[in-house]
Structure formats: structure tokens, C-alpha cells
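The values are calculated or read from the model by the stated rules, or taken from the named source; none is laboratory data. Because the structure is predicted, anything quoted here is derived from the model rather than measured. Because the Cβ atoms are built from the backbone with ideal geometry, glycine has one as well, and the counts that use them run over all protein chains shown.
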Amino acid sequence: MSLNLPQGVQVTGPIKPGYESILTHDALTLVAKLHRAFEGRRQELLKARVARQARIDAGEMPDFLPETKAIREGDWKIAPLPKALECRRVEITGPVEAKMIINAFNSGADSYMTDFEDSNSPNWDNQIQGQVNLYKAIRRELSFKNEAGKEYKLNDKIATLQIRPRGWHLDEKHVLVDGQRVSGGLFDFGLVFFHNAKEQIARGAGPFYYLPKMESHLEARLWNDAFVMAQDHCGIPQGTIKATVLVETILATFEMEEILYELRNHSAGLNAGRWDYIFSCIKKFKKNKDFCLAQRGAITMEVPFMRSYALALVQACHKRGAPAMGGMSALIPIKNDPVANEKALAGIRHDKTRDANDGFDGGWVAHPGLVPIAMEEFVKVLGDKPNQWEKQVSGSFGPAQWLDFQPTTPITEAGLRNNINVGIHYLGSWLAGNGCVPIHNLMEDAATAEISRSQVWQWVVSPKGILDDGRKVTEEMVRPMIAEELAKVKATVTAQGEDTASYDQAAVIFDKMSLTPDYPEFLTLPLYEAME
């Protein structure tokens with residue numbers, strides 16, 4: 001099937017039935033316009049990340065920016081929010097797959113963040129079929145029938161939709177403009193905005209977005225400028241778009257108010273994206289000999305550097321009239337084990353109780369079965385109020401709190417093996433097209449896989465990477481474990497009736513990503529090049 005493409009645009013991915021309804025001449029015209037206006041700046045900002053990393057590797061420690069002091073000390077608020085974004089006590093997240101979309105919309109959550117990013121494996125079919133699915137869902141036309149004949153349809157009352165495009169570092173390799181790959185984020189945003197913004201406005205809820213992986217307010221400014229151009233292009237009033245920024249990098253923590261300021265006409269607040277945040281801390285300080293975090297299970301939201309970041313986010317948001325959204329506990333319901341299930345549900349309850357009492361206006365869950373518990377805990381604090389924007393957090397937060405990276409122990413063989421096992425299992429699923437995977441009773445996505453391989457790399461490189469039994473973590477220790485854990489993963493997926501073809505490749509990639517001397521910045525970059 002051939003497409004009617006704008007001048008200078010190439011599409012190299014296969015065009016399956018229905019894709020032509022998304023990859024239209026007019027929609028790709030907007031994508032090309034955004035690319036030509038902003039690709040140069042995107043590349044400059046990515047180069048600025050590399051330069052900043054080099055300074056941190058050389059010993060520079062992050063701090064507040066002196067040049068933006070006036071913004072932090074100024075008296076300003078974000079623009080008023082539409083009614084549809086006033087109540088976000090529970091937000092559910094998940095990839096842009098039809099069954100997931102329907103279940104999330106019907107879950108009873110206030111809001112649903114549908115994901116082209118970390119919980120979605122970004123192969124061409126997932127990205128474009130996801131666009132088709134959202135187009136239908138927004139118009140209440142989406143349905144799904146599974147192999148057993150069970151039918152899924154949207155309820156009359158559904159959650160408010162928010163959409164997460166890919167981050168600035170990711171390309172869409174199947175679409176070229178003037179011979180250059182387009183930004184994955186601008187591609188996702190441009191298509192979904194062009195096709196659906198007016199329909200969402202007519203239905204009273206949208207267009208709303210979530211923005212991932214930013215490291216500076218200048219990256220937020222780029223998104224804001226893209227929003228301004230897209231609204232003008234489509235004849236939509238300025239400020240109609242509203243976007244929540246995920247604070248999931250340690251550097252963004254130092255610029256939270258500046259990020260809100262840059263997006264102030266389009267801001268819907270900030271979210272504490274905890275898993276990517278832990279990954280970011282490991283990545284940024286990977287060459288610091290004094291930095292070495294304990295295994296993942298020990299890094300909870302109660303440890304000082306995570307707790308101070310969360311409270312500072314609430315403080316920044318409520319000071320500026322913005323929603324503060326809590327992040328995701330990876331716990332999920334556990335079938336066929338009532339004791340383990342009760343423990344998991346208690347963990348979710350604890351997580352949401354803490355967030356609600358700290359001042360967050362809502363929090364994330366990864367599974368429809370967790371919506372009632374999360375809702376119950378926020379309602380206990382909020383009552384019938386939609387939010388607690390008026391709650392102000394006292395205290396002073398900065399480098400002393402955010403860079404106090406504790407705990408450094410324990411690091412156990414079980415913890416090391418768990419990282420290897422989770423990393424291989426997730427990578428194998430991702431390569432097979434699934435980016436949201438329950439593993440060992442936790443919902444894993446790209447962020448938790450990044451922690452897994454980053455910690456292995458860190459423990460090998462750092463002089464502090466020592467197991468609780470006194471053994472130093474080394475390449476010679478890890479490599480046989482990769483083979484052993486691969487065998488366990490393949491046995492698990494075989495028992496589940498799945499194909500194991502992608503897992504051998506996953507183990508090779510995990511080995512390379514966790515044992516190479518030069519730390520690769522993102523797992524998803526080489527993985528994306530390896531997929532169709």
C-alpha cells in the first residue's frame with residue numbers, strides 16, 4: 001500500500017491495513033514541520049547532556065542554576081487547569097495495546113496514562129497500531145476479542161486520557177525528513193495530536209500529555225515551543241495542551257521550578273518517576289568512587305535521598321499551583337498465592353498512604369486490580385476534595401539531601417542474580433515486542449531493566465561493589481551467572497508457553513551492556529537498532 005507523502009518525507013516501515021489512516025499527508029506534514037523547526041535544537045540539547053555528563057565524570061556535583069535564581073524566587077503560578085485534570089487521585093499506566101487500553105479506561109482510575117515509551121516496546125507495529133488504537137478509543141470505537149472469544153468494550157464512564165510520547169533521546173528510524181530520522185517523541189506527539197486533539201476538546205478532556213526523561217528546563221522549553229507550533233498549525237487555542245513532566249532524572253530535580261516555569265501555560269504539574277530516577281543516579285555518578293548503591297530492593301521511597309526528592313517535588317508543585325503526582329510501586333496482584341498477594345497489596349497500601357499524607361494529589365498503579373486500594377488511601381486523606389493543591393510542604397531541600405546516596409549495603413549474590421535474571425527476562429520480552437512484563441511478582445518496564453544492568457555494571461567497576469559475604473563483584477563472577485540465569489529465564493518462559501528465541505540475544509546484549517568498560521547511556525538505544 002502506498003502513501004501520499006509530503007515533500008522530503010520517507011516512510012520505510014511496512015504499511016499494514018489501517019496504517020494509512022494515521023500516516024496521512026496532513027499528519028506527516030505536521031511531523032515534518034516540527035522536525036524542521038526543532039531537530040537542530042534537539043541535537044544541541046543531547047550534546048549538552050553529554051558535555052554535562054563529562055563534567056560530572058570529572059567530579060562536578062549538580063547544584064541549583066545561578067542564572068535561573070529569579071525564577072525560583074519569583075512570584076508566579078502555572079496557568080489554570082481544566083476541570084478534567086483537577087481530580088487525579090489514581091492514575092493507571094500501560095502500553096498502547098488494545099486490551100490494555102480498554103482495561104485501563106474501564107479500571108475506575110481517575111486518569112489513564114497510555115504509553116508510547118517505557119512500558120511499550122517501540123517496534124514499528126506497536127507505535128503505529130498504538131496510534132490506530134488511540135484514534136478509535138478516543139472516539140469510543142475500540143473493542144477487542146481475545147483468542148477464547150472474550151470481548152472487551154469501553155464503559156460509559158472512562159478515565160481521563162493522558163499520552164506519553166518517547167523521550168528526546170529516541171529516534172523514529174522508520175520515518176525520515178530530508179534524509180534525517182525524526183525524533184520519536186515529536187513523531188508520537190505530532191500524529192496523536194493532529195488526529196485527536198479537536199476530538200478530545202469536543203469531548204471535554206484533552207489533549208493531555210506526560211513528558212519523560214528530561215534533564216533540564218531547556219528541554220522543557222523545547223517541548224513548550226513544539227506545543228505552541230502544533231496548536232497554531234491545527235488552529236487550536238494556545239494553552240489548550242496540558243502536560244505533566246516526569247521528574248525521573250537527578251538533574252531535573254535541581255530545575256523543577258524552572259521546568260514548571262517553561263511549561264507554565266501548558267503545565268499539568270510534575271510526577272515523581274522513581275525507577276528512572278534511581279537509574280539516573282547510578283548513571284550520572286557511575287565514575288564517582290564514593291558512589292555505590294545497595295541492591296534495588298533496599299532503595300525504597302523511605303531512604304533519605306528518595307524521600308527528600310519526593311517532598312521537594314510536592315513543595316515545588318504546590319508553591320506554583322500545580323498538581324504533584326506520586327510514582328509507581330512495581331507491586332502487582334499475585335494470583336494463586338493468597339499470602340504473597342496480601343503482602344503485595346499491603347505494600348501498595350503503604351506506598352499510597354505515604355504519598356497521600358506527604359501531599360501528593362494522586363499516584364500511579366500498574367494494574368486495574370490495584371485501583372481500589374490506591375483510591376481508598378487517597379480518599380482517606382482527601383475526603384471528597386479532588387486534590388490537595390493547597391497543602392504546602394515546609395523544609396529546605398537541595399544538594400545535601402538529594403546527593404546523600406544511602407544505603408550502600410546490602411549487596412548479595414541473590415540481589416546480583418535477581419538483577420541479571422530480570423534484565424535478561426525483560427530484554428527478551430522487549431525484543432519480542434512486549435515492553436511491560438510481570439517478573440517475580442513485579443511489573444517491570446524499561447526503567448527497572450535499566451536499574452538491573454546499571455547496578456551490575458556499577459558493582460563490577462566500583463571498589464565498593466562487594467557482596468555481603470566479602471567477595472568482590474567481578475566480570476569473572478558475573479559472566480557464568482548470566483548463562484545460569486538465562487537457563488532459568490528460558491525455563492520460566494517455556495513453562496508459560498512462550499517462544500524463547502529472543503532470550504539468547506537478550507543475554508548477549510545484557511552481557512555487553514553490563515560488562516563493557518564504557519557504560520552505554522541507554523539500554524533502549526542499541527536494542528532499538530537491533531529490532532525490526
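Structure above, values below:
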{"read-out": "Matching option when the condition is out of contact with any Pro (no Cβ under 8 Å at 6 or more places or on another chain) and without any contact (Cβ under 8 Å) to a residue 24 or more places away in the chain, among 338, 407", "value": "338"}
{"read-out": "Segment 66-79 residues that are in the same structural domain as residue 240 (by TED's automatic domain parsing), paired with ones that are among the aromatic types (Phe, Trp, Tyr) and assigned to a loop (DSSP other than H, G, I, E, B) (beta carbon under 9 Å, 6 or more apart)", "value": "72/64"}
{"read-out": "Residue tally, condition free of Cβ contacts under 8 Å to residues at least 24 places away in the same chain and either farther than 30 Å from residue 213 by Cα or β-branched (Val, Ile, Thr) (or both), over segment 499-515", "value": "1"}
{"read-out": "Some residue of segment 51-58 being at pLDDT 95 or above, over 19 Å from the mean Cα position of the chain (by Cα) and over 28 Å from residue 169 (Cα atoms)", "value": "no"}
{"read-out": "Test: residue 135 is on the phi < 0 side of the Ramachandran plot, of a type in the set (Ser, Thr, Tyr) and not in a strand (DSSP E or B)", "value": "yes"}
{"read-out": "So residue 142, is it surrounded by 19 or more Cβ atoms within 10 Å (Cβ to Cβ), within 24 Å of the chain's Cα centre (by Cα) and either assigned by TED's automatic domain parsing to the domain that holds residue 184 or modelled with pLDDT under 95 (or both)", "value": "no"}
{"read-out": "The lone exception for residue 342 - which of (1) of a type in the set (Asp, Glu); (2) surrounded by fewer than 20 Cβ atoms within 10 Å (Cβ to Cβ); (3) under 13 Å from residue 90 (Cα atoms) it fails", "value": "(3)"}
{"read-out": "Residue within segment 303-323 that is of a type in the set (Val, Ile, Thr), closer than 18 Å to residue 447 by Cα and outside any strand (DSSP E or B) present", "value": "no"}
{"read-out": "Single condition residue 401 does not satisfy, out of (1) over 27 Å from residue 62 (Cβ atoms); (2) touching a Phe, Trp or Tyr at 6+ places or on another chain (Cβ under 9 Å)", "value": "(1)"}
{"read-out": "Matching entry among 215, 258 (being acidic (Asp, Glu) and crowded, with 24+ Cβ neighbours inside 10 Å)", "value": "215"}
{"read-out": "Search result, residues across segment 95-123 that are of a type in the set (Val, Ile, Thr) and either buried (at least 24 other Cβ atoms within 10 Å of the Cβ) or in contact with a Cys (Cβ under 9 Å, 6 or more places away or on another chain) (or both)", "value": "96, 101, 114"}
{"read-out": "Some residue of segment 433-451 being surrounded by fewer than 22 Cβ atoms within 10 Å (Cβ to Cβ) and among the charged types (D, E, K, R)", "value": "no"}
{"read-out": "Filter result (polar (S, T, N, Q) and touching a helix residue (DSSP H, G or I) at 6+ places or on another chain (Cβ under 6 Å)) within segment 506-532", "value": "514, 524"}
{"read-out": "Residue ID - surrounded by the most Cβ atoms within 10 Å (Cβ to Cβ), chosen from residues in segment 480-527 that are touching an Asp or Glu at 6+ places or on another chain (Cβ under 7 Å) and over 11 Å from residue 427 (Cβ atoms)", "value": "482"}
{"read-out": "Subset of segment 2-36 [touching a helix residue (DSSP H, G or I) at 6+ places or on another chain (Cβ under 8 Å), under 16 Å from residue 124 (Cβ atoms) and of a type outside the set (A, V, I, L, M)]", "value": "13, 14, 16, 18, 19, 21"}
{"read-out": "Hits in segment 1-50 - residues which are touching a strand residue (DSSP E or B) at 6+ places or on another chain (Cβ under 8 Å) and part of a loop (DSSP other than H, G, I, E, B)", "value": "3, 5, 8, 12, 13, 23"}
{"read-out": "Some residue of segment 230-242 being buried (at least 20 other Cβ atoms within 10 Å of the Cβ), in contact with a strand residue (DSSP E or B) (Cβ under 9 Å, 6 or more places away or on another chain) and assigned by TED's automatic domain parsing to the domain that holds residue 276", "value": "yes"}
{"read-out": "Only listed residue being under 30 Å from residue 518 (Cβ atoms), in contact with a Pro (Cβ under 9 Å, 6 or more places away or on another chain) and of a type in the set (A, V, I, L, M), chosen from 282, 278, 299", "value": "299"}
{"read-out": "Segment 21-35, residues that are closer than 14 Å to residue 175 by Cβ and loosely packed, with under 14 Cβ neighbours inside 10 Å", "value": "25"}
{"read-out": "Residue in segment 128-138 that is of a type in the set (D, E, K, R), at pLDDT 95 or above and over 22 Å from the mean Cα position of the chain (by Cα) present", "value": "yes"}
{"read-out": "Any hit, segment 158-169, residues being outside any helix (DSSP H, G or I), loosely packed, with under 14 Cβ neighbours inside 10 Å and either out of contact with any strand residue (DSSP E or B) (no Cβ under 6 Å at 6 or more places or on another chain) or touching a residue at least 12 places away in the same chain (Cβ under 8 Å) (or both)", "value": "no"}
{"read-out": "From 497, 428, 435, residue being part of a loop (DSSP other than H, G, I, E, B), touching a helix residue (DSSP H, G or I) at 6+ places or on another chain (Cβ under 8 Å) and either at pLDDT below 95 or among the polar types (S, T, N, Q) (or both)", "value": "435"}
